[in-house]
Amino acid sequence: MSTREIKTCTFSYTFRLSEGASKPPQAGDVLDFDMEGVWREMEKLVKENLVRDIGVCNFTITKLNKLLGFAELIPSVCQMEMHPGWRNDQMLELCKKNGIHVTAYSPLGSQEGGKDLIHDQTVDRIAKKLNKTPGQVLVKWGLQRGTSVIPKSLNPDRIKENIKVFDWVIPEQDLQALSSISDQKRVMDGEDIFVNKTQGPFRSVADLWDHED
Ligand SMILES: NC(=O)c1ccc[n+]([C@@H]2O[C@H](COP(=O)([O-])OP(=O)(O)OC[C@H]3O[C@@H](n4cnc5c(N)ncnc54)[C@H](OP(=O)(O)O)[C@@H]3O)[C@@H](O)[C@H]2O)c1
């Protein structure tokens with residue numbers, strides 16, 4: 001693939017791990033991250049016409065505000081976990097306020113070990129009422145909130161199913177019900193990969209997400 005074919009370039013976590021770092025990282029494995037320096041380099045890619053858009057992923061409000069404080073080019077897109085079990089409302093609002101498009105990853109609640117929204121009572125009730133599948137309702141919920149969604153399936157029938165979401169709408173009251181599911185919790189909280197309870201620097205999931213959840 002030539003660089004001309006790259007349309008969007010995003011950076012994901014705002015720290016870097018040393019070569020050969022253990023999982024979870026031990027003290028010294030997590031290295032300083034120059035957010036401004038990285039963003040400046042990404043801005044250059046746009047200015048030099050090498051990519052069309054640049055964006056960020058897995059940011060917090062703290063990190064996005066920091067970036068907006070120095071960015072010459074505002075991120076085009078911010079990708080984050082988002083589904084009725086983790087609405088991420090405040091990040092969505094901040095992105096909308098700044099004209100940043102949101103891409104919702106794990107829009108179905110992710111895979112095994114994730115949040116089983118496919119069998120959630122509210123999702124199921126609304127799917128039956130609208131004569132749609134739970135997967136379609138979850139995809140449509142994301143679209144009606146103004147985000148793009150990237151559901152993943154290895155099953156050809158479900159891939160086809162997940163895309164049939166453009167000629168109907170979830171009525172407002174059902175949208176509200178889906179947006180009122182309690183027990184809000186990230187699935188992709190990074191605990192397994194980044195949190196080390198005794199040797200930091202991220203000693204808890206809260207540390208990783210700037211204590212915003
Ligand atoms: N940037 C990041 O940090 C980040 C983090 C996580 C994920 N992502 C991206 O987000 C995308 C999706 O995330 P994800 O895979 O975690 O979760 P997801 O799309 O929410 O869920 C995928 C799971 O749902 C099942 N599924 C798909 N369509 C279905 C349907 N209509 N009915 C019932 N089950 C259905 C899939 O099984 P089958 O395959 O059997 O259909 C799979 O087990 C991926 O492309 C991933 O790369 C990005």
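Between the amide H of Leu17 and those of Leu31, distances stay under 5 Å, these residues lying 5 or more places away or on another chain, with hydrogens modeled in the peptide plane. In this structure the amide hydrogen of Thr10, modeled in the peptide plane, comes within under 5 Å of the amide hydrogens of Gly55, none closer than 5 places in sequence on its chain.
Pairs exceeding a 29 Å alpha-carbon distance, out of Lys66/Lys160; Lys97/Lys185; Lys128/Lys185; Lys66/Lys152: Lys66/Lys160; Lys66/Lys152.
Annotation for the stretch 1-106: chymotrypsin sites (Phe, Trp or Tyr not before Pro) lying in DSSP loop with at most 14 further Cβ atoms inside 10 Å of their Cβ are Phe33. Across the chain, the relative contact order, built from alpha-carbon pairs under 8 Å that are at least six residues apart, equals 20 percent. The long axis of helix 121-130 is offset from the longest Cα principal axis of the chain by roughly 60 degrees. Taking θ as phi - 60° and the Karplus parameters 6.51, -1.76 and 1.60, the scalar couplings of the stretch 172-184 work out to 3, 5, 6, 4, 4, 4, 5, 8, 10, 5, 7, 6, 6 Hz in sequence order, x denoting glycine and proline. Taken about its Cα centre, the chain carries a charge dipole of about 640 debye when Lys and Arg each add +1 at the Cβ and Asp and Glu each add -1 at the Cβ.
Within the same chain, aspartates and glutamates fewer than 8 places from Lys129 are excluded, and of the rest, those with a Cα less than 13 Å from its Cα are Asp174.
Where a number appears in this text, it was derived from the coordinates with a stated rule and is not lab data. Quantities reported herein were computed from a predicted structural model and do not represent experimental measurements. With ideal geometry, Cβ positions are generated from the backbone for all residues, glycine too; neighbour counts draw on all protein chains shown.
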